[in-house]
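The values are calculated or read from the model by the stated rules, or taken from the named source; none is laboratory data. As the structure is a prediction and not an experimental result, all values here were calculated from the model. Because the Cβ atoms are built from the backbone with ideal geometry, glycine has one as well, and the counts that use them run over all protein chains shown. Each accessible area value is taken on the protein alone, full model and side chains, heavy atoms only, with ligands, DNA and RNA left out. Shrake-Rupley method; radii C 1.70, N 1.55, O 1.52, S 1.80 Å.
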Amino acid sequence: MPHLEIHDLTVSYEKNKPTLERFSLNVEQGELLSLLGPSGCGKTTTLRSVAGFIQPDAGRIVINDRDYTRLPPNKRDIGLVFQSYALFPHLTVFYNVAFGLRMRRIPKAEVHSRVSNALKMVGLEAFADRRPSQLSGGQQQRVALARATVIEPQVLLLDEPLSNLDARLRVDMRQEIRRLQQQLGITTLYVTHDQVEAMSISDRVVVMNQGAIEQIGTPERIFAAPETVFVADFMGFDNHFSAAVLSVKDGKLTVNWGGAPIELQWRSKLGSPHPGARAEIFFRADNASLLAGTERQGLPGQVILHTFHGNSLRYLVETQVGEFSIMQDSASERFEPGAAVRVRPHTEKWIAILEET
């Protein structure tokens with residue numbers, strides 16, 4: 001049975017304009033599930049409803065078989081890590097972490113033991129007497145994590161907790177959050193708009209759009225097999241073009257790509273494809289390669305520009321089908337702007353998504 005259940009949740013900030021409408025989701029015991037999507041898609045509204053900061057217009061929130069829907073935030077057995085950390089500046093690290101335990105009137109000896117263990121888990125036992133202003137951003141985030149987990153909550157909620165950190169520190173903290181969550185086995189709901197962040201720490205990912213679930217699945221599934229145009233675009237499939245389906249056979253469909261037929265896997269929530277149907281074809285920049293224009297295979301094109309990315313070069317290539325972004329090893333043959341090239345597809349990683357009719 002799911003540990004966290006959201007049933008038909010409806011939340012409206014404006015009359016007749018629900019941010020969430022009959023939104024349902026289950027999170028398993030010990031699972032880290034990420035809500036991923038652009039600003040305004042409803043992910044933070046979902047999290048704040050679970051935390052009790054928003055009272056839904058309709059629906060139920062159940063944790064471990066107990067209805068939390070109408071409980072005030074302070075009566076919910078939930079740990080919360082904010083984007084801004086929300087540490088008390090006048091309290092030391094020790095007393096910031098101890099705050100929730102003291103509010104629950106836990107005996108002093110137990111508070112000391114649990115806080116000490118929590119600080120040790122996040123590597124801050126030597127910083128117990130410092131105040132937040134004496135810590136780096138990453139250290140402050142660790143304090144916030146320790147404070148949220150020391151109370152041993154039923155559910156841990158994290159609202160874009162890494163957005164205020166620099167790029168390198170975000171990578172380190174992603175690993176720290178995942179390690180801690182697995183070590184403690186806490187059911188966790190994680191909100192982010194960062195695809196890489198969601199892919200790297202989650203057991204499952206929910207991609208949201210306009211208050212609804214576009215797709216839910218493992219990070220590998222979401223990354224490699226988006227089911228809708230929105231998910232493919234949001235998950236970084238740099239290139240796409242429209243094409244008519246020529247034929248369907250053995251679970252694959254054939255479309256025309258610049259005069260040559262190509263066979264592709266297809267994804268859709270709209271039913272099975274048929275000849276004549278329209279499809280959106282998506283592929284990432286590293287799912288094709290460039291050949292010299294003198295080669296016979298591939299789609300003819302011309303390099304518009306290239307940019308350096310360390311071990312690779314990204315080319316923008318104009319073809320009769322459209323402009324495509326192609327990533328190529330920087331050690332391979334280099335093509336300058338204006339060069340004639342051929343785009344060779346690696347179609348085993350391309351996907352076709354049927355258009356809604």
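A compact table of results
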item: Hits in the stretch 284-331 (condition: among the hydroxyl-bearing types (Ser, Thr, Tyr) and open to solvent by less than 50 Å² (accessible area, probe 1.4 Å)); result: Ser289, Ser312, Tyr315, Thr319, Ser325, Ser330
item: Hits in the stretch 51-74 - residues which are closer than 13 Å to Val155 by Cα, out of contact with any Ser or Thr (no Cβ under 7 Å at 6 or more places or on another chain) and surrounded by 15 or more Cβ atoms within 10 Å (Cβ to Cβ); result: Ala51, Gly52, Val62, Ile63, Asn64, Tyr68
item: Residue within the stretch 268-285 that is acidic (Asp, Glu), assigned by TED's automatic domain parsing to the domain that holds Asp329 and touching a residue at least 12 places away in the same chain (Cβ under 8 Å) present; result: yes
item: Cβ-Cβ under 9 Å pairs, at least 6 apart or on other chains, the stretch 25-37 side in a loop (DSSP other than H, G, I, E, B), far side among the small types (Gly, Ala, Ser); result: Gln29/Gly185; Gly30/Gly185; Glu31/Ser202
item: Residue within the stretch 315-332 that is farther than 27 Å from Pro261 by Cα and among the hydroxyl-bearing types (Ser, Thr, Tyr) present; result: yes
item: Enumeration of residues in the stretch 343-354 that are open to solvent by 10 Å² or more (accessible area, probe 1.4 Å), in a strand (DSSP E or B) and touching a Lys or Arg at 6+ places or on another chain (Cβ under 8 Å); result: Leu354
item: Ser242 in contact (Cβ under 8 Å) with a residue 24 or more places away in the chain, touching a Lys or Arg at 6+ places or on another chain (Cβ under 9 Å) and small (Gly, Ala, Ser); result: yes
item: Count - residues of the stretch 199-224 that are basic (Lys, Arg) and closer than 21 Å to Thr45 by Cα; result: 1
item: Residue within the stretch 326-333 that is modelled with pLDDT under 90, under 13 Å from Ala352 (Cβ atoms), outside the structural domain of Ser200 (by TED's automatic domain parsing) and not polar (S, T, N, Q) present; result: no
item: For Asn239: the one exception among (1) modelled with pLDDT under 95; (2) within 23 Å of Val343 (Cβ to Cβ); result: (1)
